[in-house]
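The values are calculated or read from the model by the stated rules, or taken from the named source; none is laboratory data. A quick note: this is a predicted structure, and the numbers were derived from the prediction, not measured. So basically every Cβ, Gly included, is an ideal-geometry build from the backbone, and we count neighbours across all protein chains shown. To get the accessible areas, we keep the full protein, side chains included, count just its heavy atoms, and leave off ligands, DNA and RNA. Shrake-Rupley method; radii C 1.70, N 1.55, O 1.52, S 1.80 Å.
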Amino acid sequence: MQQAVEYRRKGLISGGVLLELLISTQLGFVVMLASMLLGLPVWVNVLLLVGTITAVLHVCSAEIHYRVDADGLTRFIEPRVLKSKQLRRLTHIDWSRIESYTVDHDRNRSWQAYPYLLIKGKEPSFQWKIAGTSMEDAAFDRFVHSFVQSIPSGGALDQEPPSERSFQPSKQPIQQRRGFYRTKWAKLLALLFVALDVIIVFGVWTGSLSLSQTGMYRLVAVLLPGTVYVLYRTLHR
């Protein structure tokens, strides 16, 4: 029998990030609007917006414990600031509810690569994304290794770390799925980005398209780097 393995990391009380991000952003805009009506300087408005978002995320911070064993996957969320029993949640997922998993990696806003395990299931539908702190996160690798080994009727996992393992088609009841950047949709997205970049750059170069300073910033700082990243992820193995 596979021994239970735990993985712990910091997170938010919802178990994800979208809910807290929406709340903090909306509250931040309210605070910024109030400061604008008071006639405060622009830099103060920006600081209030960022400060409000940061404060809300801090208040909603939590310690998240994941545990995998022969019975399935368990997640325990323990708030770090809001010490409320109602916000402490223990959720257990039986193996029979899990339909597929994906082991892949992505990059955060600091451009640091990190691995993740994406688990999808049913009854009711759910999706858990468990992210490692970095590509050298040995505890995360052990957890993913144990997860795959614990899958009922699953075969042995190779010795290569999960963050570096190449995709192998799975015959397990719980299917291993490709990461997004290894699908045909990612290649199509890359082609669309390249075509859009060529059209915009050609238009600006020939003078047939005029961009504002904001538009040029978005082109140089957002669109072009984003296209390079998508190309890198779809072509890199």
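Of the conditions (1) under 21 Å from the mean Cα position of the chain (by Cα); (2) in a strand (DSSP E or B); (3) not β-branched (Val, Ile, Thr), Ser110 fails just one. Which one is it?
Here Ser110 clears every test but (2).
Among the strands (runs of 3 or more DSSP E) lying completely within the range 1-107, list those that include at least 2 residues that are open to solvent by less than 40 Å² (accessible area, probe 1.4 Å) and touching a residue at least 24 places away in the same chain (Cβ under 8 Å).
Hits in the range 1-107: 5-12, 61-69, 72-79, 98-107.
Could you tell me which numbered condition Ala138 fails, if it satisfies all but one of (1) surrounded by 11 or more Cβ atoms within 10 Å (Cβ to Cβ); (2) modelled with pLDDT of 85 or more?
(1)
Going by the conditions given, is Arg218 among the basic types (Lys, Arg) and at pLDDT below 85?
yes
Take the residues in the range 114-127 that are open to solvent by 20 Å² or more (accessible area, probe 1.4 Å) and touching a residue at least 12 places away in the same chain (Cβ under 8 Å); name whichever of them is nearest to Arg142 (Cα to Cα).
Checked the range 114-127; the qualifying residue nearest to Arg142 (Cα to Cα) is Tyr116.
I'm trying to understand the selection: among the residues of the range 141-158, which are surrounded by 13 or more Cβ atoms within 10 Å (Cβ to Cβ) and small (Gly, Ala, Ser)?
Result: Ser146, Ser150, Gly154.
I'm checking my understanding of the structure. Among residues of the range 180-225 that are surrounded by 14 or more Cβ atoms within 10 Å (Cβ to Cβ) and closer than 26 Å to Leu117 by Cα, which one is nearest to the chain's Cα centre (by Cα)?
Going through the qualifying residues, I end up with Phe180.
Quick one: how many residues across the range 113-128 are part of a strand (DSSP E or B) and modelled with pLDDT of 90 or more?
Adding up the residues that qualify gives 11.
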